[in-house]
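Below is one structure, written out as structure tokens, with a few remarks after it.
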Amino acid sequence: MQINLTRWSTQKLLSESSKLRDATFGTLVTYSPKAFFPFTMLCRDSCGYCTFAKAPARLQRAYMTAAEVIDLARSAHDQGAIEALFTLGERPEDRYTRARAELDELGFASTVDYLHTAAKLALQEHMLPHINAGTLSTEDLAKLRSVAVSMGIMLESINDALPCHRLAPDKKPQLRLQTLRDAGELGIAMTTGLLIGIGDTEEDRLLGLHAIREIAEDYGNIQEVIIQNFTPKPTTQMANVPPPSREEFLRAIAMARLVLPESVSLQAPPNLSEAPTELLAAGINDLGGISRVTPDHVNPEKPWPNIEQLSKTIQDHGFALVPRLPIYPNYIHESDRWVDPGLVPAINYHRDQLGFAREHLWFSGEPSILPTPVFPTASHATDTPGWLHELQDELDAGREAPVELLTMAGSAKGFDIMGVIELADELRKKTVGEVVTYVANRNINYTNICTFKCRFCAFSKGPLSLNLRGTPYLLSMDEILAKVGDAQERGATEVCLQGGIHPTFDGEYYLNVAKAIHTHFPAIHLHGFSALEVLTGARRLNLELKDYLRELSDAGLKSLPGTAAEILSDPVRAILCPDKLSTAEWLEVHATAHEVGLRSNVTIMFGSVEDIGDVIEHLDVTRKLGRQTHGFTEFVPLPFVHMATPVFRLGKARRGPTLREAVLVHALGRIAYHGVIDNIQVSWVKLGVEGAAFLLGCGANDLGGTLMEESISHAAGATHGTFLTPEQFGEVAGKAGRTLQQRTTFYEPVVTDEYQYPDTRHVQRVAQ
């Protein structure tokens, strides 16, 4: 039974819609960074309020040229836009000979055919097309689906007798509703909505909303509904018609929120309202497309709000503004149903782990200036989410953080991020205090030739990539020993050995390397050989894993790196490294290493194809092993560096993690491993020194190693340095307001009279 909301008082409508919005969407408000592509301003319809559609005599051309589309797309992308909003009149070639002639000249049968090509051009410039082409046939919808991540058609009104639509045959409500249904059959995420104040009544609006709701429930394809207020424009038939009153408009928004399914986002254009915060109070959760690049060609007299100022304004009212793509996260997560396979790489290029847009122009592996502020903060107190209270209570009671609460923390956006950061950093202070540690070490990657075909790796050279990404190499034993000797002379206490799985290696190779280094440099801690290398060595010698690890230990190996873990979730590994060791095998190698007296660390490579559930699974299985063996020394999150990796170039991976994800994975490590692993490391090679300094305030306490050389991240495209001195580490710690201390691999203070490098006031010396 439908409730007649027209009988409700305005106060009751607004109160109930606001409560429902808060319960469904919380404090997040989304918007789409866009550019407006006025593809053609010719239209076969004549609506009584429209100034977008123009007569041919007022236009230089009937359509945007291909060059104009490309130039606008490039400019928009450079300025941070993601959505290419193609807006156009309906089938102008049916009315205007000029449109028909121009299409013939360009070699296209219809406006839709040319639009398909134009949208493809925008895609090639990394823009995501959202197409508003009006009523379309099933064939036209199917054609455009291959180049548009979403589409839109405004219902405007369910009333088919409005005078303003008398000369607009395509504005017949049933035609527009049928387009929405056909789009649902084809699996197209759609935008629709109502135009308030064009002669419609409140009863019309309620009927229109119920018609939209029915389609949303039947097909699931209505991702957002726009409630737009009519604004009279000079020279139109409705120039003297007053706009809807503020109360009338807010009532329409509230009704929409109460009628529509909770899965549907509700939007109102912020440039058509003098007080966008009133729209939030009425129940919207989205502010639609906002452009830094182009005007609103439909309402050119109404400029877009400044995004930074808008963000601050709504933060002052307890909301956080978050960018999104023109296709919403829940549709991205069901891309098999809603997205043409050819568009998935374009979406991956822009999306974050949760399916929103990347918040900042920050990437792992390349210099990036952190935004200010990094995350939204409210100017007044906001309610701490209940799950964060529960998480704190569990930890205070000495229990481990439950998986479901870790998942909530890992999905935090808006104001909630700061709550997770603060919890993680308090745990850091209680566990390890204010000192930041580092180890003086050298990385030695002895070969980049590998028989495995990991799709995330740009370092290794296999049979199909011997001429790609640099020259294949294999260091001789003398070269390895020379590097170790140089490292020791420069103050290193550790060397870290890792390389590809060379086709000629048997298990003796790793034993011989360990013996040689230990014999010549017994004071050097040998930290080496990934779980894959260890497992391969044991198998090639037909030895039990435990026996082989004992032999490695006897040869001088002291600890294992946690590499080859990537994400310990087998469905993800099937994408990233299908021929590599499994989750169970990685865990077995480390459990056995701990059993024979070797220690190791936990790494995670994040930001490629995984979701937050995969990250939490990784943390949970390693946490369980750590509780059993007490053999893990540290947790090392490794942000995916995407640039030259095969999985990214094939369009199957994202452009690495966002800054939000990098922060949360480090914070989650501190929270999840509390009482199991005391040390959380940041990778300055992947994050840069500025990012590393910031993450020291998010639960981390260790800066890793001086490295002296680094090959793997740089092969993937990282451009940060390959060596930091203690002085530079001290500067990083100082930026975080902390002091620096050199450590051993096992986090014992290094006792020394002097450093090999210039002193700094941030370095805490340990007296001999």
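The values are calculated or read from the model by the stated rules, or taken from the named source; none is laboratory data. Just so you know, these numbers come straight off a predicted model, no measurement behind them. For neighbour counting, all protein chains shown are included, and Cβ atoms are generated from backbone atoms with ideal geometry for every residue, glycine included. Only protein heavy atoms, including side chains, enter the accessible area calculation; ligands, DNA and RNA are left aside. Shrake-Rupley method; radii C 1.70, N 1.55, O 1.52, S 1.80 Å.
General remarks:
- Measuring nothing but how far apart in sequence close Cα pairs (under 8 Å, 6+ apart) lie, relative to its length, the range 1-124 scores a relative contact order of 29 percent.
- Distance histogram for the range 225-320 (every C-alpha pair counted, 10 angstrom bins, percent rounded to whole numbers): 15, 44, 34, 7, 0
- Relative to the current alpha-carbon distance between E308 and D554, full extension at 0.36 nm per residue lengthens the span by 82.5 nm.
- The aspartates and glutamates within cross-link reach of K483, meaning a Cα-to-Cα straight distance under 15 Å and a gap of 8 or more places when in the same chain, are E494, E709, E710.
- Rounded to the nearest 20, the Cβ-based charge dipole of the range 586-701 about its Cα centre (Lys and Arg +1, Asp and Glu -1) stands at 260 debye.
- Portion, in percent, of the accessible area of the chain that falls on carbon or sulfur, probe 1.4 Å: 51
- The range 539-606, accessible area per residue, ligands and nucleic acids excluded (1.4 Å, Å²): 36
- Among beta bridges that DSSP assigns inside the chain, antiparallel share in %, nearest 5: 5
- Taking label points 7 Å from Cα along the Cα-to-Cβ direction, T235 and T117 give a separation of 3.0 nm.
- Most tightly packed first, judged by the mean number of other beta-carbon atoms within 10 Å of their residues, the peptides 229-237, 43-51 read 43-51, 229-237.
- Members of K34/K302; K312/K413; K12/K233; K302/K413; K34/K120 lying beyond 23 Å, as alpha-carbon distances in this model show: K12/K233; K302/K413
- Dipole magnitude of the range 108-189, debye to nearest 20 (Cβ charges: Lys/Arg +1, Asp/Glu -1, about Cα centre): 120
- The range 303-331 versus the range 238-261: alpha-carbon centroid distance in Å: 21
- 1.4 Å probe accessible area per residue over the range 103-228, in Å²: 34
- If R0 equals 22 Å, the separation of the Cβ atoms of D547 and T451 corresponds to a calculated FRET efficiency of about 0.40.
- Helix 10-25 and the longest principal axis of the Cα set of the chain meet at an angle near 30°.
- Taking all protein chains as they are arranged and a probe of 1.4 Å, the heavy atoms of D218 leave approximately 100 Å² accessible to solvent.
- Gyration tensor (alpha-carbon) shape descriptor, the range 21-172, a/c threshold 1.5: oblate
- At q = 0.29, 0.31 Å⁻¹ the log10 of I(q)/I(0) for the range 535-577 amounts to -0.96, -1.00, computed by Debye summation with a single uniform scatterer per C-alpha, solvent ignored.
- Each residue, A161 and E479, gets one label point 7 Å from its Cα in the Cβ direction; the gap between the two is 8.7 nm.
- When shorter helices are ignored and each DSSP H run of at least 4 residues is given -39500 (n - 2.57), the per-residue value for the chain at 222 nm works out to -12000 deg cm²/dmol.
- Inter-probe distance in nm under a simple model that places probes 7 Å from Cα toward Cβ, at S263 and K12: 3.0
- Contour excess over end-to-end distance, with Cα ends at L361 and L186 and 0.36 nm allotted per residue: 59.6 nm
- Relative contact order (percent, whole number), the range 240-395, Cα cutoff 8 Å, 6+ residue spacing: 16
- Positive-pole candidate from H674, G107, L695, dipole of the chain, charges at beta carbon: G107
- Only Cα sites of the range 171-217 enter the Debye sum here, all with the same form factor; the resulting log10 I(q)/I(0) across q = 0.18, 0.23 1/Å is -0.56, -0.87, listed in q order.
- The convex hull defined by the C-alpha atoms of the chain has an orientation-averaged projected area of 35.4 nm².
- Length-normalised contact order for the range 91-165 - Cα pairs under 8 Å, 6+ apart - percent: 23
- Absence of a disulfide-compatible partner, taken as no other cysteine beta carbon within less than 4.7 angstrom, is noted in the chain for C43, C164, C450, C496, C698.
- Subtracting the Cα-Cα distance of I70 and E248 from 0.36 nm times their residue separation leaves 59.9 nm of extension gain.
- Near A254: Cβ cut-off under 10 Å, other residues only, Lys/Arg at +1 and Asp/Glu at -1. The net charge is +3.
- In a simple Cβ point-charge model (Lys, Arg +1; Asp, Glu -1; nothing else charged), the range 302-342 has a dipole of about 180 debye relative to its Cα centre.
- Lysines whose Cα lies under 27 Å from that of K624, excluding same-chain neighbours fewer than 8 positions away: K429, K430, K546, K558, K580
- The residue among Q498, L141, C50 whose Cα reaches farthest toward the positive pole of the charge dipole of the chain, with charges on the beta-carbon of Lys, Arg, Asp and Glu, is C50.
- Considering only M154, L121, H77, the residue lying farthest towards the positive end of the dipole of the range 45-166 is M154, judged by Cα position with unit charges set on Cβ.
- Measuring gaps between exposed loop sites in the chain (GluC sites (Glu not before Pro); DSSP loop; at most 15 other Cβ atoms within 10 Å), the longest gap, sites not included, is 1-261.
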